[in-house]
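A short write-up of the structure that comes next.
Please treat every number below as a calculation from the coordinates, not as lab data. The structure presented is a predicted model; accordingly, all values stated were derived computationally and were not measured. A quick note on method: Cβ atoms are made from the backbone with ideal geometry, for glycine too, and the neighbour counts reach across all protein chains shown.
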Amino acid sequence: MLNVLLFFITYISGFIGGLLLHPAYIFVLYEAVYFFNPQRRWWGPLVPDLSYSYFVVIVMIGLLAVKYKQFKSNRLLDIPQFKWMYFVLLLYVVAYFYAVMPQYHMEYMTNYIKLIVIVSVAYKLIDSVSKLNWIIYGYIFGSWYIGWVAFQTGRNSSGRVEKIGTVDSPDANGIAAAIAPSLVFCLYYFWTHQKKLAKAIFVFAGMFIANGIVLINSRGSFLAIAASMMIFMYHMYFSSFQRKYQKATAIMITLFGLIGAGTLMDDAFIERMKTITNTEVSAEKENAATRTIFWKAAWDMAKDHPFGAGYHGFNHYAEFYIPHGYDTGGSLKRTVHSTWFETLSEVGYMGLIGFILMLFTAQRSLAKCKKELRRRQEVDEYFKVIAIEAACVAFIVAMTFLNRMRAETLYWLLLYTGCAYNLYVLKYKEPKGIKSPASAKSSAQVST
């Protein structure tokens, strides 16, 4: 009953906020509904069988249409990563005409188009730094809910938490990858927020998210979190761009983080993480290293299908490229288990290049944000960009071992990068009496 009550409170308050306060809150609600996923929860029969996300999206588009003049300055094509995002989408649409499974490709192509439209509309609505904060809060809230569900559900006989995922991330590894980047956001807001209650909330959320990752037992997501935290803590400690007591705080956070990690990690989690170092492919038993066989097969497949083969193209052709004699889990029609090779096998070399450039230009836009924020001496906002960058790295690490080319949270992270670039660079106006960026070259520059 608590889950149902929480869902309805979130849904109703999200609509009220979007209609009465600002349309951007509707996207926050969209993020929450994505993680609630009521149709797939055990409590789903207790709520009306409706497409809750559909109504959210319709209202979000409607509000943009009604208030378009207010948001028209947020031009989509001003964001470099969005251009490449649309390019990859175009290639995916074109791939329908030669996809090996056109009926399935059409279904996932339609969902992909919907996702890109939603992200594009959300970008138009984010017109201030406070709204950027709120959509990140929505991500943290949804991730916390998954951690809460994992805590309620517990592990099964295989030592995993299954069937707690979302529509596009139904399996354990997929949902772990979806929530892994949110931990670094919890860390950032805990550190920079002034109110003690807010700090306690972010600690509370972070504990459940971390515990959820441990219960799910996902090796890729563990590596993702480790990478994002190391990036953020490295900048926090070694950057000469400092808040007061920043290095001392970094040391304390590291110590308490290690203590917390030691408390949460149980024997089952530790034993599973030890297998990360196993890089030897076994012919007798499938293991994590077997994925390298799939990756090599995907590369060989691309030579014969340079434009890709559409949705699940690798699954269809895998038996012709995976060498016989290896245990692949009972079938040669396997998923490639890597977003990079998924992209290559579905939309070919051009698609992979476009996908890489989408991520690269996102990183470049964040680099421009950091440069501007350092010049303006805005330390907190600078480290928010660092947190976004670290969150992107977390998802990139996780998706290297999963098929996540069309993942919701991947494009949310791209949305955050685009909003940051728009707000901190494109739309920033120097206060009167302050030198413009062009005339500020003589300002002191501090290297990280």
Whole-Hz ³J(HN,Hα) from phi, Karplus 6.51 cos²θ - 1.76 cosθ + 1.60, for region 168-177, glycine and proline x: 9, 9, x, 8, 4, 5, x, 6, 5, 5
For region 38-99, which trypsin sites (Lys or Arg not before Pro) are in a loop by DSSP, counting at most 14 other Cβ atoms within 10 Å? LYS67, LYS72, ARG75
When the label point is put 7 Å from the Cα of TYR68 along its Cα-to-beta-carbon vector, which residues of region 20-37 have a backbone N closer than 19 Å? 23-24
In a Gaussian network model of the chain with springs linking alpha carbons closer than 10 Å, the residue among LEU90, LEU187, LEU125 that fluctuates most is LEU90
So for region 313-423, using the alpha carbon gyration tensor with a ≥ b ≥ c as root eigenvalues (a/c under 1.5 gives rounded; past that, a/b versus b/c decides prolate or oblate), I'd call it prolate
Other residues with Cβ under 14 Å from the Cβ of LYS69 give, with Lys and Arg +1 and Asp and Glu -1, a net charge of +3
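What shape does region 80-426 have by the C-alpha gyration tensor, where a ≥ b ≥ c are the square roots of the eigenvalues, rounded means a/c under 1.5, and otherwise prolate means a/b greater than b/c and oblate the rest?
oblate
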Of VAL385, VAL167, VAL33, which is the most mobile in a GNM of the chain whose springs link Cα atoms less than 10 angstrom apart? VAL167
Expressed in µm² per second, the diffusion coefficient of region 46-163 from the Stokes-Einstein equation, with Rh the Kirkwood radius over alpha carbon pairs, at 25 °C and 0.890 mPa s, is 139
Report ³J(HN,Hα) in whole Hz for each residue of region 33-39, in order, from the Karplus equation J = 6.51 cos²θ - 1.76 cosθ + 1.60 where θ = phi - 60°; Gly and Pro get x. 4, 4, 7, 4, 6, x, 5
Taking a ≥ b ≥ c as the square roots of the Cα gyration tensor eigenvalues, with a/c under 1.5 meaning rounded and otherwise prolate when a/b beats b/c, else oblate, which class fits region 195-238? oblate
For the chain, built as a Gaussian network whose Cα springs stay under 10 Å, the top-fluctuating residue of HIS105, HIS312, HIS22: HIS22
Percent of all alpha-carbon pairs of region 1-72 at distances over 20 Å, whole number, is 30
Which whole-number percent is the relative contact order of the chain (Cα, under 8 Å, 6+ apart)? 20
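Provide ARG376, ARG404 in ascending order of the number of other Cβ atoms located within 10 Å of each residue's Cβ, fewest first. If you can, show how the numbers build up before the last one.
Details: ARG376 18, ARG404 24.
Starting with the residue having the fewest Cβ neighbours, the order is ARG376, ARG404.
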